[in-house]
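Values in this text are rule-based calculations from the coordinates and carry no lab data. The structure displayed is predicted, hence computed values, not measured ones. For neighbour counting, all protein chains shown are included, and Cβ atoms are generated from backbone atoms with ideal geometry for every residue, glycine included.
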Amino acid sequence: DASGSVVGVFIGPELWKKTRDAILPILEGASPAAKAKPAEEALLPEPIKDWETLVAYWDFPYPPTYDLVCDNCGSRTEDWRKDTPRKFRLTAANMGGQTSFECLACRARIIKRHFKKHVDVECRPFVDRT
């Protein structure tokens, strides 16, 4: 503005291509959604028994997979059950083959829909509904 205060920054497409990977994590970490982590006591317990039931009655032609990737912030794991500290938490699992996870870094929702011939994975960014 006229007094020299920064109001915003415009980054052109060429510069964005060069700096995106370095800048995006900083911007996402500074967002209110990234800082608004739920209180530990407010978290519902993971529905592990639902997951175990799904695995016990697994009838898909491929084995269960445990890898997860958050397309929102880039968090990833080869086995969500074994991470210390945890990167993802199970929020839902059902006998129809749908599982849902929360990314603990950015609170995005990762949904895995298991079909007979393939797995469909969707990542939805966290939306603060307050």
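Given their separation in residues at 0.36 nm each and the Cα-Cα distance between them, Val69 and Glu122 gain 18.1 nm when the chain is fully extended. Here Ile110, Ile26, Ile11 are placed in order of increasing Cβ neighbour count within 10 Å, fewest first, which gives Ile26, Ile11, Ile110.
Multiplying the residue separation of Asp21 and Ala92 by 0.36 nm and subtracting their alpha-carbon distance yields 22.4 nm. Taking each of Lys18/Lys87; Lys17/Lys82; Lys49/Lys117; Lys82/Lys116; Lys18/Lys116; Lys17/Lys116 in turn, the alpha-carbon distance tops 31 angstrom for Lys17/Lys82; Lys18/Lys116; Lys17/Lys116. With contacts taken as Cα pairs under 8 Å and at least 6 residues apart, the chain reaches a relative contact order of 19 percent. When the Gaussian network model of the chain links Cα atoms closer than 10 Å, the mean-square fluctuations of Thr77, Thr65, Thr99 top out at Thr65. Sites listed here are trypsin sites (Lys or Arg not before Pro) in segment 93-130 whose DSSP assignment is loop and whose Cβ has at most 15 other Cβ atoms within 10 Å: Lys116, Lys117, Arg129. When the helices of the chain are scored as -39500 (n - 2.57) per DSSP H run of n ≥ 4 and the total is divided over every residue, the value at 222 nm lands at -7000 deg cm²/dmol.
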